[in-house]
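Working notes for the structure below.
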Amino acid sequence: MALPQRKTDVGPPNFEQFLPPVIKKNYGKWKYHEVITPGSMVHVAESGDKLWTVRVASPRLLATDTIREHCDIAEKYCDGHLRYTTRNNVEFLVSDEKKLEPLKKELKDRGFKMGGIGAGITNVVHTQGWVHCHGACTDASGLVKAMMDELFEYFESKRLPNKVRLAVACCVNMCGAVHCSDIAVVAVHTKVPTVKHEDFKNMCELPTVIGSCPTRAISPDPANKSVKINAEKCMYCGNCFTVCPPISIKDPERDGVAIVVGGKINSLRSNPKFSKLVIPYISNEPPRWPKAVAAIKHIVEVYALHARKHERIGEWIERIGWEKFFKLTNIDFTFQCIDDFTFMRDTMRTASTFKW
Amino acid sequence: MKKYNTPLIDQLEKGPWPSFVTEMKKAAKNNEMANDALGHLEKCYSTKVGYWKHGGIVGVLGYGGGVIGRYSEIGNEFPGVAHFHTVRINQPSGFFYTSKALKEICDIWDKYGSGLTNVHGSTGDLVLLGTKTEALEPIFAEYSSRGWDLGGSGSALRTPSCCVGPGRCEWTNYDTLGLTYALTQEFQDELHRPTFSYKFKIKSSGCACDCVAALARADLSIIGTWKGDIKIDQNEVKNYAKTMDINAEVVSMCPTQCMSYDGKELKIDNPECNRCMHCITRMTKALKPSGERGATLCMGSKAPIVVGSLLSWVIVPFIKLEPPYTELKDLIRKIWDWWDENAKPRERIGEVIEMKGMRSFLEAIGVEPQPQQIREPRKDPFMFYTDADVESYKAKEAEEKKTGKYRF
C-alpha cells in the first residue's frame, strides 16, 4: 500500500480533542479534590460535576499490547479517555460514578497496581540505562523495578509524613529531575578514562573535547595528535566520552551507584532544593542491586520514624541538621560528602552550633 | 526466531511492581527487534557494561531532530538491534489521549518498529524505542499524515511540556495546556531544525507545586502564581478542624508566619504571604487565591553537566498569560537572540547568564532589576559601574539638592 503524504511542522495534535466531556465542560473551573484511596481521587467542579481518577503503576517501558490493554479498559469504563502522568503512571478518567468500583475490580483482576497518590511513594522518574543509552553505567529500569518491589507497600497503602519522590539516573548526565529528588540513585564512574589515540584525530574535535571538561583535566597531546587526561584533576564525569567516542570510561568492576537525598521541586513551606550526597559508592549489582535498595529503604524508614507530618526528607534533615541525619541513619560520613567541586563555599559550616 | 536464555533479567519479573522485562518479552513474542533487545539487555546484565554506540546522525528529510540514532557495538550478535533508533512523538499537552488515538499510534509502531515504547520519556515525548534507518521516512509519513509530529532533540527547542493544569486541577493560575500547545505550534521551526548552541527546554506548571518539575529541569520554567488575597471559607475551615490540627499542620508550617487560628477563625495577613501553596494544598476546600492570575518566569535550570546543577532563577516576577501570549513569545525570541550571540557550543542559557552576568542578560531582554529576582544582594564589593550608572546617581543627587530631600 502506498504511503500517505507526509506533512511537516504540524506540531502535536490539539489536546482539546482528547479531553473527556466533563473536562471540556469544567475546564479551569475545578473547585476541589479529595483523595479517596492511594489509587483514586475525585475532582469536583464549581458546577457540581465530578471526575474520578484511578491511578495505576507503569514500568514506563511498555509494549504496544499493554497500551492497547489500557485502551480497552478505558473504552469499557471511561468512554475511551485516559492520560499518563509526569511520573509515568496511567490514569483512567471516570465520569460515571457507577463505573468506578467495577473499573477498580477489573484492574485488580488483571493484575494492575493502583496507588501513588498522596503521602507515599509513587512511580520513579528515571533514565534509559542499558536498555537504550550509550552512556549508561548501570541499568535504570532494573534499579527502579528492584526499588519499587521493596517499597511497594508505600505505593499501594502505607503512608509517610509526606511524599517521597524517587529517581534514578544511569550516569551523571541525569536526564530527568534526579538532582532535586527526595532520594535518588545516580550511577557513577570512578576511574580516569582512557584515550584511543589512533582514532582521536578522525573522530573528535580538539577544542570541543578540551572544553567539555569541567575540571580542566584535558590538555593537547601533540605527539599523538590526541589529548591527555590529568588523573589528579579528573572527576570521571564522562562528558569527554560523550563528545568523543575514542575516549572510554566504562569499567564493569569500578562503575557503581551513589545515593543522594533531601531534594525537592515544589515551593511548599520551603524553597526547592538539590539532593545531597550521603552514600558515595555502592557496587553495581545487577539484576537486583540489593545493597542500593536496602540503603534506600533504610533512609525511608528512618525518615518515617523521625520526621514531622508534612515534612519532606530535605525539610526534616534541615530541621534536625545533617550531622543528626548521619547519626540517625548510621551512614558513614566520607570525604566525598564534602564538596570540592563548585559548591564548597556554600556548603561548609561556619558556626560552632552543631549537635554531637 | 532465536529464543534467548535470560536468567538474570528474568529475576526482574518477580515482585509486585510491574516489570519492564515482562513488557519486553510481550513485544518480543512477535517482533525480532524486541527479541534481540532482550538478548542484548541480558548480555549487559551479565557483563555489567552497555553496548550502545554514540548516537549517529539519522532523521527525516527537512528535520534536524526528533530521531535519536542508536547502533549496537555487537550488532553481529544481535542483528535486530544493529540499528535501534528512537523516534520521539510530540505528546499532546497534559498527556491526554483517547483510546482511538493511542491504538493508532500502536498500530503504526508495530508495523515499522520494535513495539517497545516509553510512555513517556523524561522530556515529555511519547518515545518509540527502536527502529531501522529505512523505516524512518515511512514512520514519519504515517504519523504526520494523521496529525502527529516529531518532538525535539539535539541543539534545538525541546518538546515543551506541562502539568495537568485547568484540565483537572483547582490550583492552576493559567492555562498550562493551552500555553504549551500555543508555544509548541509557534516555535515549530526552532523545534525541528536545531540552530541553537545547545538544548532549550520550556516547562509550564500551574502553581508552586510544580508537578512537571519545571524549576529543576527547564531553561525556561513558567510557574503559575497570583497577586491577590487568599479567600477563606470559614465554614470549610470548621469542617477541616474536625479532622485536622489546623495550628500544627497549617499555621505553624507557614514559612512567613502570616496565618493565625484561634480555634474559631482562620486569618491570613495577605501582604506577608509568599504564595508557597502549603496551606492551600492542606485545606483546598477552604482556601482559594483571588485577584490577578499569571506566572513567574524563571530561567536557567539544568542537570550537573558541565559545571554543576542549576535551579532556575527568577527573571520576571509576574507576567499575565493569556492567548495569544504575544508578550511571552516576544520575550522568548529576545532571550534566544541574546543566547545565540553569546553562547559557545554546548552552553545552556543558565551557564551563559553566569558567564556574561545577569545584567547583560536582563538588559538585553528589557527586564528591570527587582528584589524579587534575588535571595540576597551581592556580598562582595567588586562591581561594574558604567559611566551612565554614575551619571544617573549624580543626577539623582543634583535633584536632591534642589528638593532638599534624599532619595536613596
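Read the figures in this text as sums done on the coordinates, not as results from a lab. Predicted model only: the values in this text are computed from it and were never measured. No Cβ is skipped: glycine too gets one built from the backbone with ideal geometry, and neighbour counts run over all protein chains shown.
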When N counts the residues of region A:54-213, how does its alpha-carbon radius of gyration compare numerically with 2.2 N^0.38 Å, as a ratio?
1.35
Can you list the lysines whose alpha carbon is less than 20 Å from that of residue B:396, not counting same-chain residues fewer than 8 positions off?
B:405
Once you keep just the Cα pairs under 8 angstrom separated by 6 or more residues, what percentage relative contact order results for region A:194-248?
47
What's the center-to-center distance, using Cα atoms, between region B:75-115 and region A:41-56 in Å?
31
Lys, Arg +1 and Asp, Glu -1 on Cβ, resulting dipole of region B:272-403 about Cα centre, debye, nearest 20
740
Partner aspartates and glutamates for residue B:379 [C-alpha distance under 15 Å; skip if fewer than 8 residues away on the same chain]
A:346
Under a 10 Å cutoff between Cα atoms, tell me which one of B:220, B:157, B:331 has the largest fluctuation in the Gaussian network model of chain B.
B:331
Between the residues A:14, A:353, A:33, the Cα farthest towards the positive end of the dipole of chain A, that dipole coming from +1 and -1 charges on the beta-carbon of Lys, Arg, Asp and Glu, is from A:353
For region A:300-356 versus region B:342-408, the gap between their alpha-carbon centres in whole angstrom
36
Once you've got the GNM for chain A with C-alpha springs shorter than 10 Å, pick whichever of A:237, A:170, A:204 has the biggest mean-square fluctuation.
A:204
Just want the answer: with Cβ charges of +1 for Lys and Arg and -1 for Asp and Glu, which residue in A:294, A:245, A:210 is farthest toward the dipole's positive end in region A:202-356?
A:294
Give me B:202, A:36 ranked fewest to most by other Cβ atoms within 10 Å of their Cβ, as a rough exposure proxy.
A:36, B:202
Hey, got a sec? Which trypsin sites (Lys or Arg not before Pro) in region A:85-166 land in a DSSP loop and have at most 11 other Cβ atoms within 10 Å?
A:110
Each label point is 7 Å from the Cα along the Cα-to-Cβ direction; what then is the distance between the points at residue B:111 and residue B:57, in nm?
3.0
Counting Lys and Arg as +1 and Asp and Glu as -1 over every other residue whose Cβ sits under 11 Å from the Cβ of residue A:4, the net charge comes to +2
Label model pair residue A:72, residue B:30: point-to-point distance (7 angstrom along the Cα→beta-carbon line) in nm is 1.3
How many angstrom lie between the Cα centre of region B:119-165 and the Cα centre of region A:18-32?
27
So for region B:7-145, averaging the separation of alpha carbon pairs under 8 Å that are six or more residues apart and normalising by length, what relative contact order in percent results?
21
I need to check one value: relative contact order of region B:230-289, counting alpha carbon pairs closer than 8 Å and at least 6 residues apart, in percent.
47
Flagged links, alpha-carbon separation over 27 Å, of A:233/A:327; A:309/B:267; A:273/A:324:
A:233/A:327
Need the list of aspartates and glutamates near residue A:201 for cross-linking: C-alpha distance under 19 angstrom, and skip anything on the same chain fewer than eight residues off.
A:221
Summing -39500 (n - 2.57) over every DSSP H run of at least 4 in chain B, dividing by its residue total and rounding to the nearest 500, the 222 nm mean residue ellipticity is -10000 deg cm²/dmol
With unit charges on the beta carbon (Lys/Arg positive, Asp/Glu negative), name the residue among A:118, B:388, A:133 whose Cα is farthest towards the positive pole of the charge dipole of the protein assembly as shown.
A:118
Using DSSP loop states and a limit of at most 16 other Cβ atoms within 10 Å to flag trypsin sites (Lys or Arg not before Pro), what is the longest stretch of chain B containing no flagged site?
B:54-145
Among A:57, A:223, A:140, which one shows the biggest mean-square fluctuation in a GNM of chain A, springs joining Cα atoms closer than 10 Å?
A:223
Most exposed first by the Cβ proxy, i.e. fewest other Cβ within 10 Å, how do A:340, B:269 rank?
A:340, B:269
Loop-exposed GluC sites (Glu not before Pro) per DSSP, neighbour cap 12 Cβ within 10 angstrom, longest uninterrupted part of chain B
B:1-264
Could you tell me the calculated FRET efficiency between residue A:202 and residue B:73, based on Cβ-Cβ distance and R0 = 30 angstrom, to the nearest 0.05?
0.95
So for the pair residue B:392, residue A:35, with labels modelled 7 Å out along Cα→Cβ, what separation do we get in nm?
4.9
What ranking of B:109, A:356 emerges when the number of other C-beta atoms within 10 Å of each C-beta is taken as an exposure proxy, fewest first?
A:356, B:109
Given the -39500 (n - 2.57) contribution per DSSP H run of 4+ residues, what per-residue ellipticity at 222 nm results for chain A, rounded to the nearest 500 deg cm²/dmol?
-8000 deg cm²/dmol
To the nearest 20 debye, chain A has a Cα-centred charge dipole, built from +1 on Lys and Arg Cβ and -1 on Asp and Glu Cβ, of 720
Send over the semi-axes of the protein assembly as shown's equivalent ellipsoid, whole angstrom and largest first, taken as the square roots of 5 times the C-alpha gyration tensor eigenvalues.
38, 34, 28
How big is the charge dipole of region B:1-124 about its Cα centre, in debye rounded to the nearest 20, if each Lys and Arg gets +1 on its Cβ and each Asp and Glu gets -1 on its Cβ?
80
Do any GluC sites (Glu not before Pro) in region A:29-131 lie in a DSSP loop with no more than 12 other beta carbon atoms within 10 Å, and if so, which?
A:46
